[in-house]
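The values are calculated or read from the model by the stated rules, or taken from the named source; none is laboratory data. Remember, predicted model here, so these are calculated numbers, not experimental data. All Cβ positions, glycine included, derive from the backbone under ideal geometry; neighbour counts span all protein chains shown.
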Amino acid sequence: MQSRGVLYLALHSNEDHKIMIRDIYRVIHVPEAYLAKLLQELSRHNIISSTRGPKGGFYLNAEDRSRTLMDIVKVIDGERRVNSCVMGLEN
C-alpha cells in the first residue's frame with residue numbers, strides 16, 4: 001500500500017505542485033489516516049518531501065526520485081523484516 005502513495009507522488013508531484021493526503025486518498029483508495037501516517041513517516045526519513053501551510057503537501061524532489069522501492073520498504077517494515085526469512089527460519 002505504501003508504494004501506491006509514493007508512486008502517485010512520483011507521477012503527479014514536484015516542488016511546485018504539492019499534493020495533499022485527501023487528494024491521494026481519493027485516487028488510490030487507501031484509508032486516509034493510514035496513508036497520512038505512512039507518508040509522514042516516509043517524510044521523517046527523507047524518502048519523500050513535505051511542506052506545511054496553505055500551499056503545503058507531499059511531493060518528490062530530484063533527490064527523492066533517486067530512492068528505491070527497497071528504501072520505502074525498509075522505513076515502513078524495518079530492516080529486520082526485510083532481512084528475515086519468509087519461512088520464519090533463523091538461518
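Among the residues of segment 44-57 satisfying the criterion of being of a type outside the set (S, T, N, Q) and assigned to a loop (DSSP other than H, G, I, E, B), which is nearest to GLY78 (Cα to Cα)? Steps first, answer last, please.
First, pick out the residues of segment 44-57 that are of a type outside the set (S, T, N, Q): 44-45, 47-48, 52-57.
Still in the running and assigned to a loop (DSSP other than H, G, I, E, B): 45, 47-48, 52-56.
Values: HIS45: 12, ILE47: 14, ILE48: 17, ARG52: 27, GLY53: 30, PRO54: 33, LYS55: 32, GLY56: 28 Å.
Only one residue tops the list, namely HIS45.
For the criterion of being at positive phi and either at pLDDT below 90 or surrounded by fewer than 16 Cβ atoms within 10 Å (Cβ to Cβ) (or both), ASN46 passes. Beta carbons closer than 8 Å, at least 6 apart along the sequence or on distinct chains, pair a first residue in segment 45-59 that is under 19 Å from LEU11 (Cβ atoms) with a second that is part of a loop (DSSP other than H, G, I, E, B) and acidic (Asp, Glu) for SER49/GLU15; TYR59/GLU15. The set of residues in segment 24-43 that are more than 10 Å from the chain's Cα centre (by Cα) and free of Cβ contacts under 8 Å to residues at least 24 places away in the same chain comprises TYR25, ARG26, VAL27, HIS29, PRO31, GLU32, ALA33.
Looking across segment 1-27, the residues that are farther than 18 Å from ASP64 by Cβ and out of contact with any His (no Cβ under 9 Å at 6 or more places or on another chain) come down to MET1, ARG22, TYR25, ARG26.
Can you find, within segment 58-91, the residue that is surrounded by the most Cβ atoms within 10 Å (Cβ to Cβ) among those that are charged (D, E, K, R), part of a helix (DSSP H, G or I) and modelled with pLDDT under 85? Checking each candidate, the answer is ASP77.
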